[in-house]
Each structure stands twice: as structure tokens, then as C-alpha cells.
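**Student:** Dropping a structure here in C-alpha cells format, bear with me for questions.
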Amino acid sequence: MTTSTTSLTDRERAVLGKIPAQLLIGGTWRDATGEGTVAVEDPATGLEIGRIADGTEDDARAALDAATAAQPVMASLSPRERSDILQKTSQLLTEHTEELALLMTLELGKPLAESRGEVAYGASFFWWFAGEAVRLAGEYKTSADGKGRTLVQRQPVGPCLFITPWNFPLAMGARKLAPAIAAGCTSIVKPAKLTPLTMLRLAQLLEEAGLPAGGVNVLTGNSARAVTEPLLNDPRLRKLSFTGSTEVGQKLVEQAAPNLLRVSMELGGNAPLIVFDDADLDVAVEGAFMAKMRNGGEACTAANRILVQRGIADAFTEKFVERMAAVKVGRGTDEGVGLGAMVDQDQLDKIAELVDDAVAKGAKVACGGETVGDVGHFYAATVLTDVPDDARLLEEEIFGPVAPIRVFDTEEQGVAEANATEYGLIAYLFTRDLARGHRVASALETGMVGLNRGVISSSDAPFGGIKHSGFGREGGAEGIEEYVDTKYISMPLD
């Protein structure tokens, strides 16, 4: 592990200095009505790197006032005007890649290379929905009985609330904001208290791109409930989109029910990764590594269970362990680091607890299996073998750099074990048999499948899950449908 710094560099201070410790409401950056602020820390060093406003119930109502007032303005923008704002935002994100990447690394802990990748991924949503804004079509037809005409319109659903997670501070907001703007909706964003700084900077860039005042409002603070509950109880809010745990998602759906809000939920995962005997070994090892270690494993799409067919199990495990053991752990700003800090001590403790539970029940540590260093929240890239059926990490989302390997014999057994979970976000499979690939992909109970690929997220594809992993889609042509109402107008022929 590299040595963590004990102070911020001039470059880091300059980037952090651009972030206001204020709320964005109605196009104005202003202090919260309460007096408190919330510290944001670098998980690699424990240093305080900034403070954010602690929003209140009054601030939430002010944000909804602003979003409601701006809704007619947003709806009246032409498709071309919305497209231009989104295209300009994509361009600005690209131009500010290094600044945004450093900001993300400082508040989340992941390596700079991964943060740069997230900036590109986030920018791609604004680019994609810049095109969708001008392709949002209706319909005009003669009625089936020949006695009239039918006009179908798509109209913005109205003010939206976005609750975003800490693990992808820019991309998760971009996946929601871009289609909302394309459809002509205003929004209120509540970023996670652990990683709010990137969203505040994104809001500044949206303003620079020409988004009307009140088009996006940002509420920060220590308690999500304090600002989201009054919004969910207000009938002026018309849409909720949440990315986070299934447990919180279930509660939010209940809160959204009285006002019959449009709801999108991207929730937890327990992704299986299946390697069949006929897989290309090198492709499978690299794909499994990418599926497991993207974002340090702190991703709902991370491979949570690696299922390997017996004939290839020894060879795969040997190569995969070698790949994982070579990962360099350290502060994300340091050269050559492949695995940064976990976001906080709670997350680190959960990972260690799950590993300890598996080992106590008979699993073997092939590499890693321990915290690293005495400063920051670091855990080694870990592979566990001989993982027993009752290990908690086979049922619970690990959200860290730990890969449990299980061995199966037949295709039917592999698919059955992959599906033996209440979650259904994503699965991965590796095979050189095209027929098997199609067959197994169809049989897997998930909203997404990576076939011979360890990373599949793309702005032009519909991201989302089934079962306890949620509903609704983000990205692709389907993504904008979450933000429009369909109205039809019936007219006589003459």
C-alpha cells in the first residue's frame, strides 16, 4: 500500500474551493435555513475536505416551490433548446474531466482512472438524451372505426425528486437528470451525504450550460428523510427516482403511494457470474475481474457470486487469484493504485464481517482477507474458495473487493444457483457456445446480462432490474419514457 498524505495539495484545495457549502434553490445558491453544516471526509486519509449545508424541511418546500414555478418554463422549451442544454453539459463535463475526477476521488476514494471513466460515462447520458430530446414523438392516426382522428402527445410528468447514492456521485445523477431535462421536467436532487460535492459541481455546470433557474435544485444535508419526506407528501411532486438499497426503496415506495407518484427504483443486487467449461479462460478471468472490481466492488452491478463449472474451476481460480493479488491498494490519487479506500468505516466493517463469517463457516482465503494500513478505510482485493451454502455473503450484497468462488457441475445447476436470490439486477456468463449463451441468458432472472463481458453499462441501453432489484429503466430509448405522460386527443374527421 502507498503512504496516504496528511494534508491536501494546492491542486486539491483549488478544486474543492469551487464547491459552495450552500443549497441551489430556484437558480440561487443560498444558505440553509438551519445553522448546521455537515463535514465531508476523504476516506483514504480521514481528512475533512469540505462542508455542506444541512438542509431542512423549509428548504425542501422552497425547492419544490422553485421547481413548480419553473416547470412551465422547462415544458415550453423547444426540443432543440433542451437538446442544446444537454449537449453543452456533456461538453462541459468532458472539458472538466480532470477536475471532476479529482473531486470524486477525494470524496469517494476510488482511483483517478476510475473517476475519469465515470466522468465520461456521466457525460454520455447528457449526449445520448440530447438526441432523445428531439426524437420524442407522438402519433396521429385515423381511429379504428374510421369516424375520427386520434392525436397522441407526450408531455413532461412534472417536478421530480432524485435521491442518488454515494458510490457513483456523478453518473447516478446524470442518468436521472439528463432524461428529465430532455422531457422538459424540473427536478430536486438529494445527493448522498458521504459524496455530495460532485453533484454540487454538476449543478454549477448545468447552470453554465443554460438550464433555466429552478430547472434543477440541490438539497444537501445529514438526513435524507428530513428533506425528502415533506416533498413526498406534497401533491405538486409528480415523480420519484431512487438508487440505493432495497430496504430504503421499499419504504420510499410506501411513502410515494398516497400521492400515486410515478416511481423508478434501482435497488440492490446479488449478481452471479457463471463461467462454463468451454469459456475462453483469459476472457473469463479478465471479465470476472472487471465485474468484481469496478469501483472497488462498491457497485450494485458487481459480481457478488462467482460460479465456475468444475472442469475449468482450478485453472480459473489460479489465474483469477493471481490477477486479484496483484492489485495495488492505496489513495486514489497515487500512481499505479488499482484499489482505493472504501467509502467509510461502516462499509469497511461490513466487508470484514462478511469475510469473517464465511471463513468461520469453512471458506478458505486464497488472497487478501484483511484490512490494509492503519489510516483510511482500505481492504485488500480478496478471493474466497470453498464457500459454504450458509455464508452470509452469498445472500447479502458485499459492496467491496471480495470475490467468493463456488463450483458447480451441470448447466442446470449453475443456472439454478444463479437464480437462487430475491434480487434480479444483472448476471454475467462466459461461454464460447453461442446456443448456450442465448439459452442461459434467457433463463437468468435478471434485467441485464453480460455475455462474455464484465462491464455492460451504457447510456444507450436500458439499465434496470427485476424482482427486489427494482423497476423502471435508465438510459436507452426507454429512459425518457419514465419522465413523460401520454395524452390522447380524439377529434372528428370533419
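**Student:** Once phi is turned into θ = phi - 60°, what whole-Hz ³J(HN,Hα) does the Karplus curve with 6.51, -1.76 and 1.60 give for every residue of the range 298-303, x standing for Gly and Pro?
**Tutor:** Karplus-based 3J(HN,Hα) across the range 298-303 equals 7, 8, 5, 8, 5, 5 Hz.
**Student:** 5 Å is the cut-off here: which amide hydrogens, built 1.01 Å from N in the peptide plane, fall below it relative to Asn217, excluding neighbours closer than 5 in sequence?
**Tutor:** When sequence neighbours closer than 5 places are left aside, the close amide H contacts are Ser187, Ile188, Val189.
**Student:** In sequence order, what are the phi-derived ³J(HN,Hα) couplings for the range 273-280 according to the Karplus relation 6.51 cos²θ - 1.76 cosθ + 1.60 with θ = phi - 60°, rounded to whole Hz, with x for glycine and proline?
**Tutor:** 10, 9, 10, 8, 3, 8, 5, 5
**Student:** Right, something else. Would you grab the residues whose amide H sits under 5 Å from the one on Ala32? Only those 5+ places off in sequence or on another chain, please, with H modelled 1.01 Å from N.
**Tutor:** Amide H neighbours of Ala32: Leu23, Asp54.
**Student:** Once amide H atoms are placed 1.01 Å from N in the peptide plane, what residues at a sequence separation of 5 or more from Ile466, or on another chain, have their amide H within under 5 Å of its amide H?
**Tutor:** Gly424, Leu425, Gly447
**Student:** Defining a contact as two alpha carbons under 8 Å apart and six or more residues distant in sequence, what relative contact order in percent does the chain show?
**Tutor:** Numbers: 1164 pairs, mean separation 91.3, N = 494.
Relative contact order of the chain: 18 percent.
**Student:** Tell me the angle of helix 57-76 to the major Cα principal axis of the chain, expressed in degrees between 0 and 90 and rounded to the nearest ten.
**Tutor:** Result, in degrees: 70.
**Student:** Sticking with this one: Let me check against my output: what whole-number percent is the relative contact order of the range 366-490, with C-alpha pairs under 8 Å and at least 6 apart?
**Tutor:** On the way: 165 pairs, mean separation 19.2, N = 125.
Relative contact order comes out at 15 percent.
**Student:** What does the helix-only formula give at 222 nm for the chain: each DSSP H stretch with n ≥ 4 adding -39500 (n - 2.57), the total divided by the residues, and the result rounded to the nearest 500 deg cm²/dmol? All intermediate terms of the calculation are to be shown ahead of the outcome.
**Tutor:** Numbers: 14 runs with 187 residues, N = 494.
It lands at -12000 deg cm²/dmol.
**Student:** Right, another one. Mind sorting out which of (i) 150; (ii) 251; (iii) 166 is the real volume of the Cα convex hull per residue in Å³ computed from the coordinates?
**Tutor:** Read-out from the structure maps to (i).
**Student:** Name the residue from Gly214, Gln250, Ala174 whose Cα lies farthest towards the positive end of the charge dipole of the range 164-279, charges +1 on Cβ of Lys and Arg and -1 on Cβ of Asp and Glu.
**Tutor:** Toward the positive end, the furthest listed residue is Gly214.
**Student:** Here's something else I'd like to know. Using a 10 Å Cβ count of at most 15 others and DSSP loop calls, identify the longest part of the chain lacking such trypsin sites (Lys or Arg not before Pro). Before the final figure, lay out each step's value.
**Tutor:** Working: sites that count: Lys18, Arg135, Lys147, Arg236, Lys328, Lys361, Arg432, Arg453.
Longest stretch, sites excluded: 19-134.
**Student:** For the pair Leu260 and Leu493, how long in nm is the line joining their label points, each one 7 Å along Cα→Cβ?
**Tutor:** In this crude spin-label approximation the distance works out to 3.5 nm.
**Student:** Shifting gears a bit: Which of Asp356, Asp334 has the fewest other C-beta atoms within 10 Å, and how do the rest follow up to the most?
**Tutor:** Ascending Cβ contact count within 10 Å gives the list Asp356, Asp334.
**Student:** Can you tell me what share of the DSSP beta bridges in the chain is antiparallel? A percent to the nearest 5 is fine.
**Tutor:** On the way: 32 of 68 bridges.
Taking every DSSP beta bridge with both residues in the chain, the antiparallel ones total about 45 percent.
**Student:** Which ordering of Ser83, Ser76, Ser187 is given by a fewest-first count of other beta-carbon atoms within 10 Å? Numbers along the way, then the final one.
**Tutor:** Values: Ser83 20, Ser76 10, Ser187 26.
Neighbour counts put them in this order, fewest first: Ser76, Ser83, Ser187.
**Student:** Expressed as an acute angle from 0 to 90° and rounded to the nearest 10, what is the orientation of the C-alpha long axis of helix 281-293 relative to the principal long axis of the chain?
**Tutor:** 60 degrees
**Student:** OK, next. Convert each backbone phi in the range 449-464 into a coupling constant with the Karplus relation 6.51 cos²θ - 1.76 cosθ + 1.60 (shift: θ = phi - 60°), then list the ³J(HN,Hα) values in order as whole Hz, x for Gly and Pro.
**Tutor:** Those phi angles translate into 9, x, 9, 6, 9, x, 9, 10, 4, 7, 5, 9, 10, x, 7, x Hz.
**Student:** Identify the GluC sites (Glu not before Pro) of the range 31-87 meeting these criteria: DSSP loop state and at most 14 other C-beta atoms within 10 Å of the C-beta.
**Tutor:** On the way: sites: Glu35, Glu41, Glu48, Glu57, Glu81; in loops: Glu35.
Within the range 31-87, the qualifying GluC sites (Glu not before Pro) (loop, at most 14 other Cβ atoms within 10 Å) are Glu35.
**Student:** How much length is gained on full extension from Leu451 to Ser76, taking 0.36 nm per residue of separation minus their Cα-Cα distance?
**Tutor:** On the way: separation 375, 0.36 × 375 = 135.00 nm, distance 4.25 nm.
Going from the current span to full extension adds 130.7 nm.
**Student:** Sticking with this one: For the range 271-467, give the share of DSSP beta bridges that are antiparallel, in percent and rounded to the nearest 5; count only bridges with both residues there.
**Tutor:** Details: 7 of 27 bridges.
Antiparallel: roughly 25 percent of the beta bridges in the range 271-467.
Rule-based calculations on the coordinates, nothing more; no lab input. All figures in this text were calculated on a predicted structure; none of them were measured in a lab. Cβ sites come from the backbone with ideal geometry, for glycine too, and all protein chains shown count toward neighbours.
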